[in-house]
Amino acid sequence: MLETQDLTIRFGGHVAVNRVTCTFQPGTLTAIVGPNGAGKTTYFNLISGQLRASEGRVSLNGRDLSGLSVSARTRAGLGRAFQLTNLFPNLSVLENVRLAVQATREGPHRRGLNLWSIWSDHTALTRRAQELLESVSMADRQTMPVASLPHGDQRKLEVALLMALEPQVYMFDEPTAGMSHDEAPVILNLIRRLKQDKTKTILLVEHKMDVVRELADRIIVLTNGTLVADGEPAAVIASPVVQEAYLGVSKEAA
């Protein structure tokens with residue numbers, strides 16, 4: 001179980017996330033929605049550790065993660081995919097995934113040089129990396145340098161890296177951003193498959209309401225950094241506060 005308690009961050013006099021308390025259970029996909037500037041990505045950054053909270057805490061299975069670094073939170077079970085890809089551009093597709101697989105298998109006390117060791121003897125790691133590339137329909141691109149990939153393929157590769165880390169919590173920040181109409185279904189199908197594992201918790205920031213309606217078990221809505229709605233998708237989408245704040249429909253028209 002992932003939980004945020006009174007999570008808050010201030011930038012000068014501006015409160016970007018304001019005392020957000022929320023619990024996310026295994027076996028559920030929660031979509032986090034809201035207008036531009038609502039604090040969705042900032043909230044994600046507070047959970048994953050890219051930003052340190054001014055107040056409040058983040059916990060996973062009862063363990064307080066608030067003082068931990070990004071890498072320590074990853075080892076604790078938080079897996080984060082970004083709006084912009086976060087890859088090793090000069091390495092091959094396969095090498096990127098193999099590094100993630102090896103990092104997971106060697107654990108938090110690995111020696112740094114092991115991460116860059118010769119791969120020829122690591123047949124099990126290579127096999128697992130190839131399986132992950134198959135799952136994201138990229139096995140035929142495994143020898144290509146990442147820098148040469150189109151944006152859509154880089155997004156798919158980042159999901160493969162996230163899966164390689166085997167997190168308890170998957171965090172997707174607009175996973176189809178910048179992808180073509182033909183590319184986006186691959187990522188959405190991967191998320192559907194991840195949903196089938198009821199031991200995992202999935203958080204999704206997404207602007208496309210058709211995607212939210214299809215995938216989400218629950219929606220929370222942020223406006224000006226404040227949690228203003230939380231519940232089942234149909235009820236939340238139909239609520240006046242969401243119609244006004246997110247969809248631009250006035251209360252009178254709703």
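The values are calculated or read from the model by the stated rules, or taken from the named source; none is laboratory data. What you see is a predicted model, and the numbers here were worked out from it, not measured in a lab. In this analysis, Cβ positions are derived from the backbone assuming ideal geometry, glycine residues included, and neighbour counts consider all displayed protein chains. The protein model used for the area step is the full one, side chains on, heavy atoms only, and it has no ligands, DNA or RNA in it. Shrake-Rupley method; radii C 1.70, N 1.55, O 1.52, S 1.80 Å.
Once R0 is set to 25 Å, what does the formula 1/(1 + (r/R0)^6) return for the Cβ-Cβ distance between Ala139 and His181, expressed as a FRET efficiency to the nearest 0.05?
E between Ala139 and His181, to the nearest 0.05, is 0.65.
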**Message:** Tell me the accessible surface of Val169 in square angstrom (1.4 angstrom probe, heavy atoms of protein chains only), to the nearest ten.
**Reply:** 0 Å²
**Item:** Contact order relative to length of the chain, as percent, for alpha carbon pairs under 8 angstrom and 6 or more apart
**Value:** 28 percent
**Message:** Suppose R0 equals 25 Å. What FRET efficiency, 1/(1 + (r/R0)^6) with r the Cβ-Cβ distance, do Gln50 and Thr123 give to the nearest 0.05?
**Reply:** 0.10
**Prompt:** What do you get when you divide the Cα radius of gyration of the chain by 2.2 N^0.38 Å, with N the number of residues?
**Reply:** 1.05
**Fill in**
Taking 98-104, 8-14, 130-136 and ranking on average Cβ neighbours within 10 Å, highest first, one gets 98-104, 130-136, 8-14
**Request:** Would you mind getting the accessible area per residue of the chain, heavy atoms of the protein chains only, 1.4 Å probe, in Å²?
**Result:** 47 Å²
**Asked** Rounded to the nearest 10 Å², what accessible area does Leu157 show when all protein chains are kept and the probe is 1.4 Å?
**Response** 0 Å²
**Complete:** The percentage of the accessible area of the chain (probe 1.4 Å, all protein chains present) made up of carbon and sulfur atoms, to the nearest whole number, is 51 percent
**Complete:** In the chain the DSSP beta bridges are antiparallel at a rate, in percent to nearest 5, of 55 percent
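How much length is gained on full extension from Arg63 to Ser148, taking 0.36 nm per residue of separation minus their Cα-Cα distance?
Gain on stretching Arg63 to Ser148: 26.5 nm.
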**Request:** Determine the shape class of the range 1-91: with a ≥ b ≥ c the square roots of the Cα gyration tensor eigenvalues, call it rounded for a/c under 1.5, and otherwise prolate if a/b is greater than b/c, oblate otherwise.
**Result:** rounded
**Complete:** Under 15 Å by backbone N from the virtual spin label 7 Å along Cα-to-Cβ at Asp197, the residues of the range 13-39 are 26-29
**Asked** Using a simple charge model, +1 on the beta-carbon of Lys and Arg, -1 on the beta-carbon of Asp and Glu, nothing else, what dipole does the range 136-254 show about its Cα centre, in debye to the nearest 20?
**Response** 240 debye
**Item:** Relative contact order %, the range 125-243, counting alpha carbon pairs below 8 Å whose residues are six or more apart
**Value:** 18 percent
**Message:** I want to check a number: in the chain, how many lysine pairs have alpha carbons closer than 27 Å, given a sequence separation of 8 or more or different chains?
**Reply:** 14
**Item:** Structure-based [θ]222 nm, the chain - -39500 (n - 2.57) summed over DSSP H runs of at least 4, per residue, nearest 500
**Value:** -10000 deg cm²/dmol
**Asked** In a GNM of the chain with a 10 Å cut-off on Cα contacts, which of Glu244, Glu174, Glu158 has the highest mean-square fluctuation?
**Response** Glu244
